[in-house]
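A.B. asks: Input: one structure, supplied below.
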Amino acid sequence: MKELLQKLTQTPGASGYESAIREVIREEISPFVKEIKVDALGNLIARMGEKKANGSRIMVAAHMDEIGVIVTHVEKNGAVRFSNLGSVIPRYLPGSRVKFLNGVRGVIDSDKPEDLAKIQPMNQFFIDVGASSEKDCPVKAGDVAVFDREFADLGQRVASKALDDRSSCALLVEAIKQIKETPHELFLVFSVQEEVTSRGATTAAYGLDVDLGLALDVTPVGNLMGIKMQVDLGKGPAIKVRDVGFIADPGVVNWMVDGAKAIKIPYQMEVLDIGSTDARVMQISKAGMRSGVLSIPCRYVHSPSEMIDMVDYEQGLKLLVHLLSQPVKLR
Amino acid sequence: MEKIEAFLHSLMSSPGLSGFEKPVSEIITQAWQPLTDEISYSPLGSLHALRKAASSEPRPSLMIAAHMDGIGLMVKSFSRGFLRVTQIGGIDPRVLPGQLVTVHGVREITGVVQMIPDRFLPASAAGKAPVYDNLFIDTGLGENELKRVVRIGDIVSFASQPLDMGDGYISGHSLDNRASVAALTVCLEELKHYNLQWDLWCAATVQEEMHLIGAYSSTFHIKPTLGIAVDVTFAQEPGLKDHTTFPLGKGPTIGLGANIHPLLHKRFVETAKEIDMPYAIETMPRSSGTDAMAMQITAAGVPTMVIGIPIRYMHTPYELTTLTDIRRTGRLLAKFITSLEADSLTGLTRKEVA
């Protein structure tokens, strides 16, 4: 399981630039699905199963894009100025390394701070790629990079860049491999551009027009840094009740809770006051889609070293396989 | 409905928070069933009631949206034997301390919102308005019993009961936007004895307070020729300027702005004048902040209109308005609908009014 997590997190795929990660995932799932296609925005959409009398048409989405940076201009001295793709948090920037899609690596530092107590805005940071002038700089405006941080196996827990949301991608890949029988027609979507307002899931949901939507994503946790929320690392996958942009369908929430109880795994109820997921746009697609979210608790979300607990991952996988293998009863 | 007051009371006594509208949806279904021809529900729970036109198909359709969801709280975490909460919709935490609330757990329990006393707060927070992190709910239950009855994500609604204040003035929670649901019901009553030229879809939408979620999906389903959102607006109250508010008890407001088709605005003004109804013009240069925002840009686009009912103390446990304005709004809508000819106002583009 960790090998797949390592492979998926270490493959680059900033929002709008998901080609490399898409090919890695395609290779993983191709032997196990009936049909696979890529839509106009770049969503990878796999189809499995035939809808039986007691089955549904279900869309499951895990976003394959990660946050990154894009070059805005290169200064005469070779310093590379950049903007963010997705919510990059400035306080994580100093000392970070990035890797461009063309392989160039660079380190990040900031202009001399006027006030050390304050975090500088994005436009006061630059990437040093080792160039001494604009002319010999190997990157130019429009080039894209992701954070460069290796996968760390900490035993029970793992840390890496892009666990948001490659951990869910890995979960979905493994579920695809494990599901043997399903009464449903499943549309398994590895969506693009979630970090820039869920643009991929918007069009995927519109194109598929299914009965039920499930998004897979990470959720921040409480406790460690004074965030007041109940979800913690290692206490099981989280079932989302709400976030800033989304209130889960109560029937879908109960379906997931009943599933967790049926297979006797621990689970946590999630009420989140920051951020949202693909389910936000899936819910309002066309005439409306009943939707929910299965979350993997994650520390340090949107930092170059995000952290999850393998217990949450393994139990989340069990729950996902169970939910997609059984008829859906929404009460 | 002669007893619009009793109907409004029952609406205001029902929780029906955004995403959890079922209790209020059931009350509205009962009221609208005898007044319409078909009732259906969207996958997200919006209530669609269709009053069919008498004319032959194809015929134009009018959608009137009044959101039925209300604001409230949700359990976010346990703090020993107390509950921490977050908001559903926008609630200024300054109105919360001391309020009685109902926690909808395995069973309904009553609680009271309390805050950390000022003298015990860190210096950075002392002397300032309360924030959610410094508020908690005390239900009187012990820690173990509380965890047995309540689950993270359970909703918490205002326990304030409707107050009759004389002369048709009424106060309580969720007048935003149950006042408009009541107005739409008055409208349906008025239309009982008329044959309509247009199909009329009355939509009690869900989750308006959460990014207009119900209005997007309902409009996509109905695909109306024209759309009207009925929602509450700010009435004059102490400390607010007259030019940003509207007099209470002096009639509905007729919206004007980018979210509104100018010809519909004009027709509503003419209609109000025709029946000698007082009204105010509410300019909405940018967003109307109503379901009409979603209606206007759904599918291939819908010409939209916004009608407002002035209320005081919006998004508090005791909002306040008058039954007079609710009845007037219903009558204005009914008059507009009965004046619709089969071929009038269809195929509107923005060209009609330069």
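A.B. asks: Bin width 20 Å, origin at 0, all Cα-Cα pairs of chain A: what percent of pairs per bin?
C.D. replies: Going out from 0 Å in 20 Å bins, chain A shows 33, 55, 12, 0 percent.
A.B. asks: Still on this structure, I have one more. Using only helices, what value at 222 nm comes out for chain B when you add -39,500 (n - 2.57) per DSSP H run of length 4 or more and divide by the total residues, to the nearest 500 deg cm²/dmol?
C.D. replies: Helix contribution divided over all residues of chain B: -7500 deg cm²/dmol.
A.B. asks: As a test of the definition: with a 1.4 Å probe, what buried accessible area, both sides summed, do you compute for B against A, in Å² to the nearest 100?
C.D. replies: For B against A, buried area totals roughly 2300 Å².
A.B. asks: Using a 1.4 Å probe over the heavy atoms of the protein chains, calculate the carbon and sulfur portion of the accessible area of the range A:1-81 as a whole percent.
C.D. replies: 53
A.B. asks: Then there's this: At a Förster distance of 25 Å, what's the computed FRET efficiency of A:GLN156 paired with A:GLU3, Cβ-Cβ distance as r, to 0.05?
C.D. replies: Efficiency, from the Cβ-Cβ distance: 0.90.
A.B. asks: OK, next. Compare A:LYS140, B:LYS76, A:LYS112 by solvent-accessible area with a 1.4 Å probe and give them largest first, with all protein chains kept in place.
C.D. replies: Largest accessible area first, the list is A:LYS112, A:LYS140, B:LYS76.
A.B. asks: Let me ask something additional. For the protein assembly as shown, build the convex hull from the C-alpha positions and give me its volume per residue in Å³.
C.D. replies: Looking at the protein assembly as shown, the number lands at 191 Å³ per residue.
A.B. asks: Per residue of B:79-85, how many C-beta atoms from partner chains lie within 10 Å of its own C-beta, taken as a mean?
C.D. replies: What the average comes to for B:79-85 is 1.
A.B. asks: Averaged over A:241-248, how many beta carbons belonging to a partner chain fall within 10 Å of each residue's beta carbon?
C.D. replies: The shielding value for this peptide is 6.
A.B. asks: Skip the ligands, DNA and RNA, and give the accessible area per residue of the protein assembly as shown with a 1.4 Å probe, whole Å².
C.D. replies: That works out to 40 Å² for each residue.
A.B. asks: Any chance you could list P(r) for the range A:82-233, counting all Cα-Cα pairs in 10 angstrom bins from zero, rounded to whole %?
C.D. replies: Cα pair-distance distribution for the range A:82-233, in percent: 8, 26, 31, 23, 9, 2, 0.
A.B. asks: Using only alpha-carbon positions, what ratio does the radius of gyration of the range B:207-260 give when scaled by 2.2 N^0.38 Å?
C.D. replies: So the range B:207-260 has a normalised radius of gyration of 1.46.
A.B. asks: Please report the antiparallel percentage of DSSP beta bridges with both residues in chain B, rounded to the nearest 5.
C.D. replies: Counting only bridges with both partners in chain B, antiparallel ones make up about 60 percent.
A.B. asks: Give me Rg over Rh for chain B, both radii from the alpha carbons and Rh done the Kirkwood way, two decimal places.
C.D. replies: 1.00
A.B. asks: Let me make sure I get this right: for the range A:203-281, a, b and c are the square roots of the gyration tensor eigenvalues over alpha carbons, sorted descending. Under 1.5 in a/c it's rounded, otherwise prolate if a/b > b/c, else oblate. Which is it?
C.D. replies: Oblate.
A.B. asks: Could I ask something else about it? Per residue in the range B:141-174, which ones lose no less than 50 Å² of accessible surface when going from chain alone to all protein chains (1.4 Å probe)?
C.D. replies: Flagged in the range B:141-174: B:ARG151, B:ILE152.
A.B. asks: Work out the charge dipole of the range A:262-309 with +1 on the Cβ of Lys and Arg and -1 on the Cβ of Asp and Glu about the Cα centre, then indicate which of A:GLY288, A:ILE274, A:PRO304 is farthest towards its positive end.
C.D. replies: Of A:GLY288, A:ILE274, A:PRO304, it is A:GLY288.
A.B. asks: Treating only the Cβ of Lys, Arg, Asp and Glu as charged (+1, +1, -1, -1), what charge dipole size does the range B:72-158 show about its Cα centre? Round to the nearest 20 debye.
C.D. replies: That gives a dipole near 140 debye.
A.B. asks: Also: Taking θ = phi - 60°, what integer Hz values does the Karplus form 6.51 cos²θ - 1.76 cosθ + 1.60 yield along the range B:183-199, in sequence order, with x for Gly and Pro?
C.D. replies: After applying 6.51 cos²θ - 1.76 cosθ + 1.60, I find 4, 5, 5, 4, 4, 4, 4, 4, 7, 3, 9, 10, 8, 9, 8, 10, 5 Hz.
A.B. asks: Can you pull the mean other chain C-beta count within 10 Å for peptide B:39-49?
C.D. replies: Going residue by residue through B:39-49 and averaging, the value is 3.
A.B. asks: Picking from B:GLN33, B:GLY255, B:HIS9, whose Cα lies most toward the positive end of the charge dipole for chain B (charges on Cβ: Lys, Arg +1; Asp, Glu -1)?
C.D. replies: Of the options given, the answer is B:GLY255.
A.B. asks: Using the crude model of +1 on Lys and Arg Cβ and -1 on Asp and Glu Cβ, and no other charge, please compute the dipole size for the protein assembly as shown relative to its Cα centre, in debye to 20.
C.D. replies: Taking the Cα centre of the protein assembly as shown as origin, the dipole is about 560 debye.
A.B. asks: With a 1.4 Å probe and every protein chain kept in, tell me what percent of the accessible surface of chain B is carbon plus sulfur.
C.D. replies: C and S atoms contribute 51 percent here.
A.B. asks: Something else: At a Förster distance of 41 Å, what's the computed FRET efficiency of B:LYS351 paired with B:SER56, Cβ-Cβ distance as r, to 0.05?
C.D. replies: 0.90
A.B. asks: Of all beta bridges DSSP finds with both residues in the protein assembly as shown, what is the antiparallel percent, to the nearest 5?
C.D. replies: Among the beta bridges of the protein assembly as shown, antiparallel pairing accounts for roughly 60 percent.
A.B. asks: Can you list the GluC sites (Glu not before Pro) in the range A:35-109 that are in a DSSP coil and have 10 or fewer other beta carbons within 10 angstrom?
C.D. replies: For GluC sites (Glu not before Pro) across the range A:35-109 that sit outside H, G, I, E and B with at most 10 neighbouring Cβ atoms in 10 Å, the list is empty.
A.B. asks: Here's another thing I want to ask about it. Relative to the Cα centre, what is the charge dipole magnitude of the range A:68-147, using +1 at the beta carbon of each Lys and Arg, -1 at the beta carbon of each Asp and Glu, and rounding to the nearest 20 debye?
C.D. replies: With Lys and Arg at +1 and Asp and Glu at -1, about 200 debye.
A.B. asks: Amide H neighbours of B:THR233 under 5 Å, counting only residues 5+ apart in sequence or on other chains, H built in-plane at 1.01 Å?
C.D. replies: Sorted by chain and number, the residues that satisfy this are B:ILE309, B:ILE311.
A.B. asks: What list of ³J(HN,Hα) values in whole Hz, one per residue of the range B:87-97 in order, does the Karplus curve 6.51 cos²θ - 1.76 cosθ + 1.60 (θ = phi - 60°) give from phi, with Gly and Pro shown as x?
C.D. replies: Per residue, the Karplus-derived 3J(HN,Hα) values read 9, 10, x, x, 10, 5, x, 5, 8, 7, x Hz.
A.B. asks: Give me the angle, in degrees from 0 to 90, between the Cα long axis of helix B:323-338 and the longest principal axis of the Cα atoms of chain B, rounded to the nearest 10.
C.D. replies: Approximately 30 degrees, to the nearest 10.
A.B. asks: From the Cα trace of the range A:68-147, what convex hull volume per residue do you get, rounded to a whole Å³?
C.D. replies: It is 80 Å³ per residue.
A.B. asks: What range in chain B is the longest one free of GluC sites (Glu not before Pro) that are in a loop by DSSP and have at most 11 other Cβ atoms within 10 angstrom?
C.D. replies: Answer from the scan: B:3-340.
A.B. asks: Name the residue from B:TRP198, B:ALA183, B:PHE246 whose Cα lies farthest towards the positive end of the charge dipole of chain B, charges +1 on Cβ of Lys and Arg and -1 on Cβ of Asp and Glu.
C.D. replies: Ranked along the dipole, the leading option is B:PHE246.
A.B. asks: Then there's this: What trypsin sites (Lys or Arg not before Pro) does the range B:219-307 have in DSSP loop regions with at most 15 other beta carbons within 10 Å?
C.D. replies: B:LYS241, B:ARG286
A.B. asks: Label the range B:32-147 by shape, choosing from rounded, prolate and oblate, from the square roots a ≥ b ≥ c of the eigenvalues of the Cα gyration tensor; if a/c is under 1.5 it is rounded, and otherwise prolate applies when a/b is larger than b/c, oblate when it is not.
C.D. replies: It comes out prolate by the Cα gyration axes.
A.B. asks: Share of antiparallel DSSP beta bridges in chain A, in percent to the nearest 5?
C.D. replies: Antiparallel: roughly 60 percent of the beta bridges in chain A.
A.B. asks: Would you compute, from DSSP H runs of 4+ residues alone, the mean residue ellipticity of chain A at 222 nm, taking -39500 (n - 2.57) per run and dividing by the full residue count, rounded to the nearest 500?
C.D. replies: -7500 deg cm²/dmol, from helical runs alone.
The values are calculated or read from the model by the stated rules, or taken from the named source; none is laboratory data. A quick note: this is a predicted structure, and the numbers were derived from the prediction, not measured. In this analysis, Cβ positions are derived from the backbone assuming ideal geometry, glycine residues included, and neighbour counts consider all displayed protein chains. Only protein heavy atoms, including side chains, enter the accessible area calculation; ligands, DNA and RNA are left aside. Shrake-Rupley method; radii C 1.70, N 1.55, O 1.52, S 1.80 Å.
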